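The next block holds one structure in the form of structure tokens; read it before the comments.
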Amino acid sequence: VRYWCEQAWLGGPEPEPGVLLEVEGDRITAVTPGAPPEGERLPGLTLPGLANAHSHAFQRALRGRTHAGTGTFWTWREQMYELAATLDAERYRPLARAAFAEMLLAGITVVGEFHYVHGEGMEEAVLAAAAEAGIRITLLDTCYLHGGLERFRDASAEAWAERTATLMQKGSDPFCTRDGATARIGAAAHSVRAVGPEALRVVADVARERSWPLHAHVSEQPAENDEARERHGATPTELLDRAGALDDRFTAVHATHLTPSDVALLGHARVCLCPTTERDLADGIGPARALRDAGASLALGSDSQAVIDLFEEARAVELDERLASGERGRHAPEDLLSAATAGGYDSLGWPEGGRLRAGALADFTTIALDSVRLAGTDNAVPAAVFAAAAPDVRHVVVGGRVVVRDGAHVELDVPRELAEAIPR
Ligand SMILES: [Zn+2]
């Protein structure tokens, strides 16, 4: 299949005009800039598929219900627990499918589902929901030992390892890691609050043995740091370092409140920022530029689904940091786009995705350049980062398959699915 992109972003500060993408099966086989039009035409700017590296799909049901309230992260968490307590597999599957379909409409082609709402059939429900929506997924099955609701908890890190091993075996259709599959399994430790130092080491060892990505919430709130210092005499990042977790398969989610030595340690790892959630929950502004300077690779996530728009997440990294630093231009637009694409794919264990190049996964997203937000631009790369929004997404391909055409999901009536699933 041949797609001719009016413009495509191949990694630089400016887009390339007239780029021919040749696709066979789920892979891009050739990328030719400056090609004459042929095949299916994609007007606008084509990007590698956007990667949502941190999602809790069920929290889509909180949108508009918790955002007007007062209080802190900790009072919001009680409302989130109330919702989590009501979910079963039968209700979760359509809710997750609708949330994933909303992500596709926003140009997101892979999601990292940080999954701790455990229970009979819940993991299968999430994987089936992703397959039905047509999104690529890494199910980051989360070890959660202390606090939270009982349903979140495994009895021990060993019990988590055993439970998730059977998830791999269930990995026949549609969610194994063979060629052409669109689902992979990964590991998560909820946080150093929920997983103590010994258990953290077990989780890190198991993830390494299985070559799984490993994610954890890290220093989202100052109280989490205070508690870690009090109980263990170390910051959350230091505890993860002691557990042997910090390498390029590890992603620290949030990483908002860090010491300079935490920043240096995370330079060996990845960081997923979720700015729209972090501002909604009054978490703070993470030191994104310092982390990049230390060597960390960035990814982005919609997390609590207050907003599902990776363009908004990308520009928020820069714009929030401008407010905090009093300086502009802390991140180049192409670096922010890289975080929204390749950075997320790498973080989720799909290093062959998030790039428009021969051999890469055929996951890509085209945005209109004739929308009211983008009409008249002379460089679509900064325009996309600083002005595009989810409704500009026209065309989305996942694994060589068209999932969104002319701004609509090819199979699902997404607003209707959301309207039905959320009240249930
Ligand atoms: Zn989270």
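All of the numbers you see were taken from the coordinates with simple rules; none came from a lab. Computed from a prediction, not measured in an experiment: that's the story for all the values here. Using ideal geometry, Cβ is built from the backbone for each residue, glycine included, and neighbour counts are taken over all protein chains shown.
Worth a mention:
- Taking other Cβ atoms within 10 Å as a rough exposure proxy, GLU198, GLU227 sort from fewest to most as GLU198, GLU227.
- What the pair-distance distribution of region 217-278 shows, using all Cα-Cα distances binned every 5 Å from zero, is 4, 20, 32, 26, 14, 4, 0 percent.
- Coil-residue GluC sites (Glu not before Pro) of region 1-58, DSSP, other Cβ within 10 Å capped at 12: GLU38
- With all projection directions averaged, the alpha carbon convex hull of region 311-371 covers 5.4 nm².
- As a length-normalised measure over Cα pairs under 8 Å and 6 or more apart, the relative contact order of the chain settles at 22 percent.
- Taking all Cα pairs closer than 8 Å and separated by 6 or more residues, the relative contact order of region 207-321 comes to 23 percent.
- For region 55-134: span of alpha carbons on each principal axis (Å, largest first): 37, 31, 17
- Area projected by the alpha carbon convex hull of region 166-308, averaged over all directions, nm²: 9.2
- Here the dipole of region 42-184 is about 420 debye; that uses its Cα centre as origin and unit charges on the Cβ of Lys and Arg (positive) and Asp and Glu (negative).
- Here the chain is assigned +1 on the Cβ of each Lys and Arg and -1 on the Cβ of each Asp and Glu. Its dipole about the Cα centre then comes out at about 120 debye.
- Radius of gyration and Dmax over the Cα atoms of region 335-424, both given in Å: 15.2, 46
- Summing Cβ point charges (Lys, Arg +1; Asp, Glu -1) relative to the Cα centre of region 316-424 gives a dipole of roughly 100 debye.
- Stretched out straight at 0.36 nm per residue, the stretch from THR75 to ASP293 would grow longer than its current Cα-Cα span by 75.0 nm.
- Value at 222 nm in deg cm²/dmol, rounded to 500, when DSSP H runs of n ≥ 4 in the chain each add -39,500 (n - 2.57): -10500 deg cm²/dmol
- Each DSSP beta bridge with both residues in the chain is either parallel or antiparallel, and the antiparallel ones are about 40%.
- The ellipsoid equivalent to the alpha-carbon distribution of region 1-102 has semi-axes of 42, 17, 10 angstrom, derived from the gyration tensor eigenvalues as √(5λ) and listed largest first.
- Projected-area mean, the chain, by convex hull of Cα positions, square nanometres: 18.7
- Amide H contacts of GLY186 (H built 1.01 Å from N, under 5 Å, at least 5 apart or other chain): LEU139, LEU140, ASP141
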